[in-house]
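Novice: Okay, here's the structure, questions in a sec.
The values are calculated or read from the model by the stated rules, or taken from the named source; none is laboratory data. This is a predicted model, so every value here is computed, not measured. Glycine gets a Cβ as well: all are built from the backbone with ideal geometry, and neighbour counts include every protein chain shown. Surface accessibility is based on the protein's heavy atoms, side chains included, excluding ligands, DNA and RNA. Shrake-Rupley method; radii C 1.70, N 1.55, O 1.52, S 1.80 Å.
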Amino acid sequence: MSITSDEVNFLVYRYLQESGFSHSAFTFGIESHISQSNINGTLVPPAALISILQKGLQYVEAEISINEDGTVFDGRPIESLSLIDAVMPDVVQTRQQAFRDKLAQQQATCTMSASTSGNQSNAPKNGDATVNGEENGTHNMSMLKTPESCVSTHQFDNHCEPMEMDVDVEIPASKATVLRGHESEVFICAWNPVSDLLASGSGDSTARIWNLNENNNSNSTQLVLRHCIREGGQDVPSNKDVTSLDWNSDGTLLATGSYDGFARIWTKDGNLASTLGQHKGPIFALKWNKKGNSILSAGVDKTTIIWDAHTGEAKQQFPFHSAPALDVDWQNNTTFASCSTDMCIHVCRLGSDRPLKTFQGHTNEVNAIKWDPSGMLLASCSDDMTLKIWSMKQESCVHDLQAHSKEIYTIKWSPTGPGTSNPNSNIMLASASFDSTVRLWDVERGVCIHTLTKHQEPVYSVAFSPDGKHLASGSFDKCVHIWNTTTGALVHSYRGTGGIFEVCWNSTGDKVGASASDGSVCVLDLRK
């Protein structure tokens, strides 16, 4: 058996990525020289580190139950073995001795029984051996996860049983189209705003455009957008994750951001139009402005950049954060907000050499920020488990919303209220957390109006339908749930084949796209 440090480092690096610790993964990858290893990351399955640790733990438990004569102890462990226990020799030896003592007691009982009744011993026969009481050597392992982790081993512990689907809400397989082609996790997906073209971005260093339009005869034509870099006068695959993507407002161009440090602009036909190359490290987020003449990006290099979408040139670079910038959002065509692991939020404007406003109050890294549809309020969410609402009119937050019990990964405003196409509906804010819940908030009153609790694992994504009447949520429990935002009732559910990283609605509100950790992209048809 051969284990190299490169292999261990790569599995740790991938684990950090899958757990949502993107900037930590980047730092670890640089220090351990991941890029110089010859490991093809596209072939490594999701949750590989957890899977191999789980198998090792299973082996240790099996080893403990093997007697000195090679026979297998016929009995369940007194208590399950934890990962830390498994690497502590004293604990392992104590467990082995406990098994042997129990075996001796069992054998004495069997001997006494045989002498009084003539019954045969119930020790396992050759060919019928059991491991820890499970036939054929199988063993039900508890899922291993850290409180912050979203990594699933596709097994559930006793406290996290898969939810039984209600037949009234379960989306039938006939209404789900599973799109396959990606060779690694699909982190992101987004619908074209004017047609049923679904873009997806993956760890296989490609983005793809899937054609789900009714007039598309093949029903799922895919365009592969390969992310390459120039080496030795040739274009070679970057082998880096596609981290972000966004369509422009008229649906003619798609922008992508990558771990290779480049942003790219593609036509809807899949042709590369521009490569934007001024960041010095991975790009974590990018957004088009509404006018479509600028793209905004955020990077691990602590900067944000506004790009000229027509020329591909950087208009202005903003070096105000002291740590990696994690998210950006436009307030209008020239003003934007950015957030960072430095716990700060800056509001900046094209042409200004310093922030218009700096919001401070979070006590841990700020994961996401979103302006409300009117551009008056800014919402932020953090690893400090709080959701905060800010106004340009004051320094401190308008609301400090504290209800989640773990990190809040993302937030979305409803497309309702003044200035939207649904002006008569109240505006809401949705938050998705690693505590496995989604919360809907009345921002005017600063109260939680619904807590949505059907998910069993961290929730990575939420998205409102175009009319604001429904909310889709995607979790690493492999489920997409669709909720009524007025009542908080669960109206549709779908269980996929991998943990869900992103959910999104098409422009007409009758399809939901979802991207998953097993490389699949799913489209749910919600028409009657």
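Novice: Taking the criterion of being in contact with a Ser or Thr (Cβ under 6 Å, 6 or more places away or on another chain), open to solvent by 10 Å² or more (accessible area, probe 1.4 Å) and within 27 Å of residue 174 (Cβ to Cβ), would at least one residue in the range 482-498 satisfy it?
Specialist: Yes, the range 482-498 has at least one match.
Novice: Could you say whether any residue in the range 462-481 is assigned to a strand (DSSP E or B), of a type in the set (Ser, Thr, Tyr) and either at negative phi or surrounded by fewer than 18 Cβ atoms within 10 Å (Cβ to Cβ) (or both)?
Specialist: Yes: one or more hits.
Novice: Additional query: Give the residues of the range 292-311 that are without any contact (Cβ under 8 Å) to a residue 40 or more places away in the chain and under 14 Å from residue 253 (Cβ atoms), sorted by residue number.
Specialist: 308, 310, 311
Novice: Pick out the one residue from 287, 302, 291 that is assigned to a strand (DSSP E or B) and open to solvent by 30 Å² or more (accessible area, probe 1.4 Å).
Specialist: It is 287.
Novice: Just checking, does the range 393-403 include any residue being within 20 Å of residue 481 (Cβ to Cβ), at pLDDT 95 or above and in a loop (DSSP other than H, G, I, E, B)?
Specialist: yes
Novice: To continue, here is another question. Considering only residues that are among the hydroxyl-bearing types (Ser, Thr, Tyr), within 29 Å of residue 18 (Cα to Cα) and open to solvent by 30 Å² or more (accessible area, probe 1.4 Å), which ones fall in the range 419-452?
Specialist: Listed by number, the list holds a single entry, 451.
Novice: Mind checking which residues of the range 506-528 are open to solvent by 30 Å² or more (accessible area, probe 1.4 Å), more than 17 Å from the chain's Cα centre (by Cα) and not β-branched (Val, Ile, Thr)?
Specialist: If the condition is that a residue be open to solvent by 30 Å² or more (accessible area, probe 1.4 Å), more than 17 Å from the chain's Cα centre (by Cα) and not β-branched (Val, Ile, Thr), then 507, 510, 525, 526, 527, 528 are the ones that fit.
Novice: Across the range 1-33, what is the number of residues that are in contact (Cβ under 8 Å) with a residue 60 or more places away in the chain, of a type in the set (Ser, Thr, Tyr) and not in a helix (DSSP H, G or I)?
Specialist: 1
Novice: Still on this structure: Tell me which strands (runs of 3 or more DSSP E) are completely within the range 209-255 and hold 1 or more residues being within 25 Å of residue 525 (Cα to Cα), open to solvent by 40 Å² or more (accessible area, probe 1.4 Å) and hydrophobic (A, V, I, L, M, F, W, C), or say none if there are none.
Specialist: 221-226
Novice: Within the range 9-47, can you find the residues that are of a type in the set (A, V, I, L, M, F, W, C), open to solvent by less than 70 Å² (accessible area, probe 1.4 Å) and either at pLDDT 80 or above or closer than 21 Å to residue 302 by Cα (or both)?
Specialist: 10, 11, 12, 16, 21, 25, 26, 28, 39
Novice: Please identify the pairs in which a residue from the range 34-45 that is free of Cβ contacts under 8 Å to residues at least 40 places away in the same chain has its Cβ atom under 9 Å from the Cβ atom of a residue that is surrounded by fewer than 16 Cβ atoms within 10 Å (Cβ to Cβ) and β-branched (Val, Ile, Thr), counting only partners at least 6 apart or on another chain.
Specialist: From residues that are free of Cβ contacts under 8 Å to residues at least 40 places away in the same chain, the pairs are 37/4.
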